Structure formats: C-alpha cells, structure tokens
1. Can you return the aspartates and glutamates within cross-link range of Lys187? Criterion is Cα-Cα under 13 Å, with same-chain partners fewer than 8 residues away left out.
2. Just rank Glu312, Glu173, fewest to most, by other beta-carbon atoms within 10 angstrom.
3. Cα gyration tensor of the stretch 331-373, axes a ≥ b ≥ c as square roots of the eigenvalues: rounded (a/c below 1.5), prolate (a/b > b/c) or oblate?
4. How would you classify the stretch 133-251 from its alpha-carbon gyration tensor, with a ≥ b ≥ c the square roots of the eigenvalues: rounded for a/c under 1.5, else prolate if a/b is greater than b/c, otherwise oblate?
5. How do the peptides 346-355, 381-390 rank, highest first, by the average count of neighbouring beta carbon atoms within 10 Å per residue?
6. Ranked highest first by the average count of other Cβ atoms within 10 Å around their residues, in what order do 131-142, 267-278 fall?
7. Using the per-residue mean of other Cβ atoms lying within 10 Å as a proxy for protection, in what order, highest first, do the peptides 28-34, 207-213 fall?
8. Using 0.36 nm per residue of separation minus the Cα-Cα distance, give me the extension gain between Val104 and Thr52 in nm, one decimal.
Amino acid sequence: MTLKLSAALAVLFFAATTNAATPTTGYLPQTSPAWLADIPLPSGVIKSWPQTGAVPSGPLPTTAAALDLTTGYPATFQIVTDAATDPQIVAVMKTIDWTKVPNVAPTTETTMTTYSPSDPYCWWTYNGCVTPKVDYIPPDISNCPKEGTWGLTYDDGPMYYFPVTPENEKWAEPNLYNYLLAHNDQKANLMYYGSRIVGAPDAAQRGLNDGHTICVHTWSHPYMTRLTNAQVVAEFYYGLKMIKQVLGITPRCWRPPYGDVDDRVRSIAWQMGLRNIMWDLDTNDWQIPGDLVPGGTLPYSQANATVAGWLENRAKGNDTKVGHVVLEHELSNSTITLAEFWLPTIQKEFQTMPATACNDIAQPYWEESFVYPIQGTVAISMNGSTTNVQAPQISGSTPSGTSSGSGAVSAPTGASKTGGAGHAAVSKITVFGLVAAAVAYIL
Ligand SMILES: [Zn+2]
C-alpha cells in the first residue's frame, strides 16, 4: 500500500468514525458532539495513535502561537455568568434530554445542612458516592480493577506560570513531560481545563503528542454542583471546544474540580459525551505550600508519608484487592516535585499507566483513530461494553518489588529552586527508607 493511499484511507477512517453514535446497554445513548463539528483542526498535533518514530522532546511546539484562543470564548478562570443567553450554550442545551437530568437546585457549599442524609443525588462531596442513583448513566471510574495497577492522573494542566521568569520557567511544562519521557516513557491521564490551555497551548500540544491521554477538567475550574444547568453545559462546552481547537481531539472523559459532582452534573456530562473519572487515593499535593503558589497548609512531610504509606502497604502484601486511581496535579513547583520524586518508586511497586488504560479503555476520544495501549486483553468502551478494537497491552514487566538499600536519601522538605534536579537517586532507595525519612520529618 502506498503512503498516499494509506493516508487517504486514514482520512476516510477518521471522517467515518468521528460522528458515529455509540449504542449503550441500559444507559442513555451518547453521540459524538455535533456542536464541535465546525472547529478547524490545528496543525502541529498528531492525528492518531500509536505513532511510529521518536516521540518529540525538548522545546515545545511553536504552532499553537498562531491560534486565536479569545474570539468565541468567555473570560478565562471565571464562571460563565450569561450562559443561559449565550447562543453557543443555548444550541447545546437543545441537544440534551432534560427529562433525564435530575431536577435539583444547585448546591451552595460543600457541607449543606439542608441536603438529605439519604444522598438522593449521589453527591460525591457529601459522602464520596460514585454510583449514580439513576440507572441510565454509568458509575464513575474510581479505581483500577486489577490489583497492582496504578492509574496515574495529573490535574489542572498544562502547567505554566505568569509572570514568566527564568526561575518560573523551570517548573513549567515540559518539565514533568520530559521527566515522564525519561522514566520508561511513562504515560498518564492529563486533566486539562480550558482556561489553563489558553495560557500554554504549546504545552498542551506537547502533552498529546507525547502519547498522554487527555481528559477535560472544565473551562474555569468551579464547583460544578453549585452551577445552574446552563453554566454546567458552558463549563463542558468551552473546555471541550478549547481542547478541540488546540489539540484536534474530543475527549470522552472528564474529571470534576474538587471532585464535586452529583447526578444532575453527571447526566449533563454523559449526554455531552463524557464519563467521569474520580480517584480512590488522593495525595492532597495541591495543599503543599509552594514557592509560587503560596498558602498551602499541608506539610511536605505529611504528603510524603501518605504516598510512602501506600507503597509500603503494597510492598508488604496488604494491598491486593484492587488497583488505584491516584490524584496528583501539575499545578505548582511543589506538586511537580512530589510527582517526580515518587514516580520511580511507584513504577517499582505498581504497573503504572493512565487510569483509562487500567480500566481497559483504548479509545478515550470520539476520534477513533487514537487507540492507546490497555492493561488487559479486552478493550472496553466508555460505557462499559466490549469493543472490537485490537488495542496493544501496556508494555513492561510486572513490578519487581522493593530492592535493598540504605534509605539514606531524604524526602524533599519543600520545592527546591533547582527545577527538578536531584531525582535520579530516588530509584535506588527502598520504600521503607522513604517511610523512615518521611517519619523523621514528622518527628
Ligand atoms: Zn483541578
């Protein structure tokens, strides 16, 4: 087959599969969002996965600078106050079956005394509920089914700082992406939100091109259950629109900021083509004080002890029921430091992969030309049914367990100003050494 013919067939395949409706078993049907059909596709990003040849590294792509990311969007980092009269949102709202959206008033705070203790709307913020009370939308993804697997997720990217200074630049992407590449070409879920992509579209393109799986984390990062229906639609719509314009893909996965979701928000998300990815282990890394994001209240030693405890639990054979989806952030110098410090040890103890991969989801976008490796042998769709896709399995061997070592290396006590240096030695020490180091800092 000639290259030209291959390319032509690839284009046909791409065009034929992006608008297909997905039949569901018992759940509301989902359709590829027609309201994103007119967004022009960007240059500089991959159009399919897997890719042959070297994965890009080093400088970020330069193509994103030409994109107009202002026209047709609301103000960044702000809830869309006029969503109910915004013509773009009104059009999307007409595609949603509102009889399948629970009629519940927006919440007003994280602990509402007026909320029924029976948790009628599966409000995660209230009690961690991940199984909807309605039967027409699927449960949230909240762990990895197979023990010994670790779903790697980084929220709030792409990571950048303003004002840009040489010091800040050390922590901005591609710092973490380069680190992942250098450590077994580790893949992760990157939970991008629209307002952050505006600040670093080149870094977002790098994230996709590296082979990470992108999910949408809304437009402005609000508590979603506090919004009106129109505002909820706007958060998904503008987040997805930005991702489509900058990356050329349409994610079928999302993560709620602060985990704040209930059946009203879930139903709107599902009908806009999205399934919710939560977590079962939380590093709380965003609360660590950072040099550039001040105000955190979680001591570094405590975050380290938490992660070390999980790893020790696994190493001792006390964590054999299920695998985990773990919440981390590409948000500050502190979160990047924690992520990079622990990754080599995590890779030793767990089979480490995106949360979508450990849940055997090979096609996380409506563009079905992207087929990512999965943990198991049978690929499943976002709605839980099996698919016919031949997805490769995650490569790499089963973790080898802990090695012996002195434990002489200390856990970081704060984000150093050296921009990610000093991580190489971590893989040589034991989990227990790190626990000891972390405990030492507590004491
Ligand atoms: Zn977030």
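1. Straight-line reach from Lys187, under 13 Å: Asp210.
2. On the way: Glu312 19, Glu173 22.
The order, fewest Cβ neighbours first, is Glu312, Glu173.
3. On the way: a/c = 4.06, a/b = 1.77, b/c = 2.29.
The shape class here is oblate.
4. Values: a/c = 2.07, a/b = 1.22, b/c = 1.70.
Here the stretch 133-251 falls in the oblate category.
5. Values: 346-355: 24.2, 381-390: 15.3.
My ranking of the peptides, most packed first, is 346-355, 381-390.
6. Numbers: 131-142: 17.9, 267-278: 24.5.
Result, highest mean first: 267-278, 131-142.
7. Details: 28-34: 17.0, 207-213: 23.7.
Most protected by this proxy first, the peptides run 207-213, 28-34.
8. Values: separation 52, 0.36 × 52 = 18.72 nm, distance 4.89 nm.
In short, 13.8 nm is gained.
Read-outs throughout are calculated quantities, based only on the coordinates presented, and are distinct from any laboratory measurement. The structure displayed is predicted, hence computed values, not measured ones. Positions of Cβ are backbone-derived with ideal geometry, glycine not excepted, and every protein chain shown enters the neighbour counts.
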